[in-house]
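Colleague: Sharing a structure here in C-alpha cells format.
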C-alpha cells in the first residue's frame, strides 16, 4: 500500500507537505520521501522509516527544504518520489498502486529504447520508475499519463511535480482515492481526506476514476475527464483507511459501526451467551462498538495496544517479525479477561497467524470462551490491485488452505465459487475447518451483502475481488 500528499501554495509549502505526508504514516512501513520545487529548482529527501517514524526522520529536512510546490509519500516498498529528466523536462513523481505486468512492460520499453532500469535490492524494478518510463513514451505529460494508465494491469494513482504545476491522476477504475483541498494560499492533493483538515484546508473536490488534473497555487484544472466505471477498494473502509477519513462521501468510522450493527443482527449469540464484545485494536474497535450497540452486550477493552514506542508504522517487512511485534503490542487487562465469555471482532482473517496468537493470548490470560467475528468475509484471493497483502502465494491464505484440505487438492476458481456463498454446505465446512485450526469457541464471518450494505454505495462501484474474485 502507500499514501501521498501534495501542496501548491503562493508561499512556502514545506510545512504543509511535511505534516500532510506524516498523516499518511498508517499506510506504509518502509520508505518515505518529499520533493519540492522552488527558486533553487528541485530538491528531494528519501529516508528509511522501518525503525523510526516519518516525523523523526524528516525533521531536519523540514528546516532545509523550501519551495512553493511539493509532493510527499509514504511507501510500503519502493523508494520515492523519483526525480526524472526527460524530453518533458524535469519532474518528480510518486505513485500508489500495483503493476501486475511489470516484467512485460519493462521488456517492451527495453526492446524499444536504449534505456535502463535501476534494480532495487532483491532484483525488482522500482514501479514508480517504470511508470515514468511509460509516461516518457509520449509527446506530452497528459498523453503519457493516459498511456501508462492504459498499459498497466493493476492500478496506479500518481502525482507528478513539474515547474508549472502538479499533475494529479487517479487510477483508471478509482481503486484508490485522490482528493483536493483548498485554502486561501492554494491547494493540496491527498490520499486521505482528513490529512489536510488540521493544516487549514477545506474539501474542494474528489477526482473521479481516471481523471487527470493539474494543480497550481492559483487553481485546479481538469485535463482529462473522469470515466464512468468505478471499482474503489472496499478494504479501505474495512481496514486500511484511518477512522477519520471518508471515501466517496462515506465515513470510515461510520461504515465500521454500521458493519458491526449488521453482524449483530445476524448472529445467533445473545446476551445470555457472551459477557462482552471487544475489538482487536485498532481497526476492529469501531466494528465492535457497532456490534455492542446493536446487541446490547457491553463493549469492553480486554487488551490495550501499546503505542508510545510501537506505532503502527513500526512494522518490519518480514512476516514472522510482523506477527511477533503485533503480539508484543497488545497488553492484557486481566480483570476484563478472566472467566469472561468474549466475542472478539477483527477487521479480517488473512493468514490467521496473528489472530490465532491473540486468541491463545486471551485463553492464557484467563478467558473462558473466545467467539470470533471477522468484519469481512473469508479472503480467498490475493489482492492484485493495491497490495493490501503481499502474500507470495494465495495458499498462504488460511481460507484457501482449509479449502484445499477439504477438497484434497488445490482448488481452482469454479469450485471456489461454492465457498463464497454463505448458504452452502461447503462454506460452513470451511468455517468449521478455520474455527478448529484457529482454536476459536465459534466463528462467523460477516456476509458480503451486509458489509457492502454498510458501505452504502452501489455494489458495482466497489472492488470485492479478494472475497469473491469479481474483476
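Colleague: If I filter segment 239-256 for residues that are part of a helix (DSSP H, G or I), at pLDDT below 95 and crowded, with 16+ Cβ neighbours inside 10 Å, do I get at least one hit?
Modeller: Yes, segment 239-256 contains at least one residue that is part of a helix (DSSP H, G or I), at pLDDT below 95 and crowded, with 16+ Cβ neighbours inside 10 Å.
Colleague: A further question on this structure: State all residues of segment 252-280 that are closer than 22 Å to residue 301 by Cβ and without any contact (Cβ under 8 Å) to a residue 12 or more places away in the chain; if no residue qualifies, say none.
Modeller: The answer is 254, and nothing else.
Colleague: Something else now. Being at pLDDT below 95, in the same structural domain as residue 216 (by TED's automatic domain parsing) and over 25 Å from the mean Cα position of the chain (by Cα) narrows it down to one of 52, 60, so name that one.
Modeller: It is 60.
Colleague: Would you check which residues across segment 123-163 are crowded, with 22+ Cβ neighbours inside 10 Å and assigned to a loop (DSSP other than H, G, I, E, B) and list them?
Modeller: 152
Colleague: Taking segment 280-321 as the region of interest, how many residues are closer than 19 Å to residue 353 by Cβ and modelled with pLDDT of 85 or more?
Modeller: Going residue by residue through segment 280-321, those that are closer than 19 Å to residue 353 by Cβ are 280-284, 303, 305, 310, 312, 314-321.
Add one more test, that the residue is modelled with pLDDT of 85 or more, and what stays is 280-284, 303.
Residues that pass the stated criteria total 6.
Colleague: Just for segment 164-176: of the residues that are surrounded by fewer than 24 Cβ atoms within 10 Å (Cβ to Cβ) and in contact with a strand residue (DSSP E or B) (Cβ under 7 Å, 6 or more places away or on another chain), which one is farthest from residue 69 (Cα to Cα)?
Modeller: We begin by selecting, within segment 164-176, every residue surrounded by fewer than 24 Cβ atoms within 10 Å (Cβ to Cβ); these are 164-165, 172-173.
Imposing the further condition that a residue be in contact with a strand residue (DSSP E or B) (Cβ under 7 Å, 6 or more places away or on another chain) reduces the set to 165, 173.
On the way: 165: 7, 173: 27 Å.
This residue is 173.
Colleague: Still on this structure, please answer the following. Whether any residue in segment 358-367 is more than 20 Å from residue 267 (Cβ to Cβ), at pLDDT 90 or above, surrounded by 19 or more Cβ atoms within 10 Å (Cβ to Cβ) and assigned by TED's automatic domain parsing to the domain that holds residue 262 is what I want to check.
Modeller: Within segment 358-367, not a single residue is more than 20 Å from residue 267 (Cβ to Cβ), at pLDDT 90 or above, surrounded by 19 or more Cβ atoms within 10 Å (Cβ to Cβ) and assigned by TED's automatic domain parsing to the domain that holds residue 262.
Colleague: If a residue has to be within 26 Å of the chain's Cα centre (by Cα), over 23 Å from residue 295 (Cα atoms) and part of a loop (DSSP other than H, G, I, E, B) to count, how many in segment 338-377 make the cut?
Modeller: Qualifying residue count, segment 338-377: 3.
Colleague: State yes or no: is residue 186 on the phi > 0 side of the Ramachandran plot, surrounded by fewer than 21 Cβ atoms within 10 Å (Cβ to Cβ) and touching a strand residue (DSSP E or B) at 6+ places or on another chain (Cβ under 6 Å)?
Modeller: Criteria not met by residue 186.
The values are calculated or read from the model by the stated rules, or taken from the named source; none is laboratory data. Computed from a predicted structure; not experimentally measured. Here the Cβ is made from the backbone with ideal geometry for all residues, glycine too, and neighbour counts use every protein chain on show.
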